[in-house]
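Novice: Okay, handing you the structure first.
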Amino acid sequence: MQFVLNAQKREAQGSSASRRLRRSGKTPAIIYGAGQAPVVIELDHNQLYLGMRKEAFHSSLLTIELDGRKEQVLLRDYQMHAYRPQVLHVDFQRIDANKKLHQKVPLHFINQDIAPGVKLGGGQIAHVITELEVSCLPTDLPEFIEVDLKELSVGASLHVSQLSLPKGVTALTHGIDQTVVTCIAKRGAATEESGGAAAAASA
């Protein structure tokens, strides 16, 4: 999915200027990184807000059109109004096409309903993490990573090392093979099993 944002350079700065900008339907923002000077910009709030409602917007390369030029950036930080659906400020980081980046990518879990632990064992799927930090070149950045649960049984877990990552993508584990998802037995099912075992032992 491609996201393109139209931007203009922001001349006036400061809190009062930002408030006037927001009242006019704009959002103040900044672009930084890649060894270049930061640039303060303004964006159309509605276009930005609609984009931010999509999951992929937060993990994909974004294109900002500014002064007839296009820049590839990542969304790095943003501030929301305490109770209104309003984006107050956004930080974008420029991307160097030749340097690997670090980015958190959402996990999409598939085949949960046919997992043996659910379909046959009556278990429940517990998601331990829902996003994964990865390292890759900008062109290799995935919108999401699929986690296939078709072989997950009761009591079993999937770890980061077991995920099928796209070509050129490496998980940043920081030395820990973290659990991604596990299938736990329902409390009632566990009680029934223990009760059945006790009955068999006393027979």
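Novice: With a 1.4 Å probe and all protein chains kept in place, how much accessible area does MET1 have, in Å² rounded to the nearest 10?
Specialist: 120 Å²
Novice: As a test, work out the antiparallel percent of DSSP beta bridges whose residues both lie in the chain, rounded to the nearest 5.
Specialist: 75 percent
Novice: Follow-up. How large is the charge dipole for segment 121-161, taken about the Cα centre, if only the Cβ atoms of Lys, Arg (+1) and Asp, Glu (-1) carry charge, to the nearest 20 debye?
Specialist: Rounded to the nearest 20 debye, it is 220 debye.
Novice: Give the relative contact order (percent, whole number) for segment 69-143; include only Cα pairs under 8 Å separated by 6+ residues.
Specialist: It rounds to 30 percent for segment 69-143.
Novice: Within the set LYS99/LYS150; LYS150/LYS186; LYS9/LYS167; LYS100/LYS150, which residue pairs have Cα atoms separated by over 30 Å?
Specialist: With Cα atoms farther than 30 Å apart: LYS99/LYS150; LYS9/LYS167; LYS100/LYS150.
Novice: If you wrap a convex hull around the C-alpha atoms of segment 89-177 and split its volume per residue, what is the figure in Å³?
Specialist: Measuring per residue, one finds 121 Å³ for the Cα hull of segment 89-177.
Novice: Amide H neighbours of VAL105 under 5 Å, at least 5 residues apart or on other chains, H built in the peptide plane: list them.
Specialist: Here LEU132, GLU133, VAL134 satisfy the definition.
Novice: Below 8 Å, C-alpha to C-alpha, sequence gap of six or more: please give me the relative contact order for the chain in percent.
Specialist: This gives 17 percent for the chain.
Novice: Take the Cβ-Cβ distance between SER135 and GLN178 as r, set R0 to 22 Å, and report the resulting FRET efficiency rounded to the nearest 0.05.
Specialist: Efficiency, rounded to the nearest 0.05: 0.90.
Novice: Given N residues in the chain, what is its alpha carbon radius of gyration divided by 2.2 N^0.38 Å?
Specialist: The reported ratio for this selection is 1.40.
Novice: Looking at the square roots a ≥ b ≥ c of the eigenvalues of the Cα gyration tensor of segment 66-124, which shape do they give, rounded for a/c under 1.5, prolate if a/b is larger than b/c, or oblate?
Specialist: Since a/c reaches 1.5 but b/c is at least a/b, the shape of segment 66-124 is classed as oblate.
Novice: Please report the projected area of segment 127-173's Cα convex hull averaged over all directions, in nm².
Specialist: The orientation-averaged projected area of the Cα hull of segment 127-173 comes to 3.7 nm².
Novice: Here's a follow-up. Which one of GLY117, PHE92, SER161 has its Cα pushed farthest toward the positive end of the charge dipole of segment 92-168, where Lys and Arg give +1 and Asp and Glu give -1 at the Cβ?
Specialist: Looking along the dipole axis, the top candidate is PHE92.
The values are calculated or read from the model by the stated rules, or taken from the named source; none is laboratory data. What you see is a predicted model; the values in this text were computed from it and never measured. All Cβ positions, glycine included, derive from the backbone under ideal geometry; neighbour counts span all protein chains shown. Note: accessible area is taken over every heavy atom of the protein model, side chains too, but ligands, DNA and RNA are not part of it. Shrake-Rupley method; radii C 1.70, N 1.55, O 1.52, S 1.80 Å.
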